[in-house]
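Reading through the structure tokens given below for one structure.
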Amino acid sequence: MSETDYYKILGLNKNASEENIKKSYRKLAMKYHPDHSKGNKSAEEQFKKISEAYAVLSDKEKRKQYDTFGATGFQQRFSQEDIFKGFEFDNIFSELFGKTRNFSGRGNGMRFSFGGGTPFDSYKKQQQARPKGTDLVYELPLTLEEVATGTSKTVSYQHQGRSEKITVKIPKGMISGKKLRVADKGDPGPYGGPPGDLYIQSKVLGDKVYDSKGYNLYMHKEIKLSEALLGSSISIPTLSKKELSLKIPPGTKHKTKMRLAGHGLPHMHSKGKGDLYVYINITMPVKLTKKQKMLIEQLAETGL
């Protein structure tokens, strides 16, 4: 998947201040604005790129998400519509340049009129006239261990009669039903419209030890009758290959559900984990030895 370096597009480093981001965008916007580069397709494309970069980096929350998850992770979480959501072109250009602004270069007067619209108005109209292609959904099987730790997967899918392969980074906590968006990997749009997207949808595979529901894990553990009556400590395995000690209180009943907080699956794109629930199953002996039978009979005489 292609990486989009918004800082590089604006000629900045990652520590750039808000003021420097604004100054860089203003300089580049004047250079590549469609009113100045009419008919220059390369300049128009560059103008779209710098405007997208500014829409992200000028928004504190979007910039934080971009810095945290990187270009690929950000593109998987934000569509073009999400990126420009809340981005008021009229206000931005009015703030940077004024509604109508005169620019001069080496004595030659050049006038850029924004005319009350935005530089993307014509682009939006073109996109609306050209329908977007169909999105594709690829169901990706994942083990619980892969969901717990994250992984990379090479996905091979059929697209327009041919096999295509892409490598995707699977984040921790991608439980069943969660999706990753791979932009522009869907079907092409009719009449030259933009292509659809490819969505990687997780399907968690069954496991010999654990059941899962959301971010929580469930397992069954067998204990002896004596352990249930007298109390005990038992060892519980986790997905991280650790062994936890679980205390069984005296008098524990059959099918008691006990909770180990924070030992489930990690939440996707956020801190925290689900829980691990252990169902206690008390094993009843099928056949008693003579000694066991004698002791049980003695216990019965005590009223137990």
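The values are calculated or read from the model by the stated rules, or taken from the named source; none is laboratory data. Please read these numbers as outputs of a predicted model, since none were measured by experiment. Neighbour counts run over all protein chains shown; Cβ positions are idealised from the backbone, glycine included.
Per-residue answers, yes or no, for (1) buried (at least 17 other Cβ atoms within 10 Å of the Cβ); (2) aromatic (F, W, Y); (3) touching a residue at least 40 places away in the same chain (Cβ under 8 Å); (4) under 19 Å from E145 (Cβ atoms):
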{"residue": "K241", "(1), (2), (3), (4)": "no, no, no, yes"}
{"residue": "I248", "(1), (2), (3), (4)": "yes, no, no, no"}
{"residue": "G251", "(1), (2), (3), (4)": "no, no, no, no"}
{"residue": "T256", "(1), (2), (3), (4)": "no, no, no, no"}
{"residue": "M294", "(1), (2), (3), (4)": "no, no, no, no"}
{"residue": "E297", "(1), (2), (3), (4)": "no, no, no, no"}
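What is the residue count in segment 175-201 for residues that are of a type in the set (S, T, N, Q) and part of a loop (DSSP other than H, G, I, E, B)?
Filtering segment 175-201 down to residues of a type in the set (S, T, N, Q) leaves 176, 201.
Cutting the leftovers down to part of a loop (DSSP other than H, G, I, E, B) gives us 176.
Residues that pass the stated criteria total 1.
Considering S122, S113, S152, which residue is at pLDDT 85 or above and of a type in the set (G, A, S)?
Numbers: S122 fails: at pLDDT 85 or above; S113 fails: at pLDDT 85 or above.
Only one candidate qualifies: S152.
Could you list all residues from segment 191-217 that are among the hydrophobic types (A, V, I, L, M, F, W, C) and touching a Ser or Thr at 6+ places or on another chain (Cβ under 7 Å)? Explain how you work it out, then say what you get.
Quick first cut of segment 191-217, residues among the hydrophobic types (A, V, I, L, M, F, W, C) only: 198, 200, 204-205, 209, 217.
Result: V204, L205.
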**Complete:** If we keep only residues of segment 247-286 that are at pLDDT 90 or above and charged (D, E, K, R), then the residue farthest from I170 (Cα to Cα) is K253
**Message:** Being in contact with a strand residue (DSSP E or B) (Cβ under 7 Å, 6 or more places away or on another chain), within 28 Å of K169 (Cβ to Cβ) and surrounded by 12 or more Cβ atoms within 10 Å (Cβ to Cβ): is that true of S232 here?
**Reply:** no
**Item:** Hits in segment 180-223 (condition: surrounded by 14 or more Cβ atoms within 10 Å (Cβ to Cβ), among the charged types (D, E, K, R) and either on the phi > 0 side of the Ramachandran plot or in contact (Cβ under 8 Å) with a residue 12 or more places away in the chain (or both))
**Value:** R181, D184, K185, D187, D197, D207, K221
**Prompt:** How do the pairs read when you match residues in segment 55-81 that are free of Cβ contacts under 8 Å to residues at least 40 places away in the same chain and among the acidic types (D, E) with residues anywhere that are part of a loop (DSSP other than H, G, I, E, B) and surrounded by 15 or more Cβ atoms within 10 Å (Cβ to Cβ), using Cβ under 8 Å and keeping only pairs 6 or more apart or on different chains?
**Reply:** D59/F87
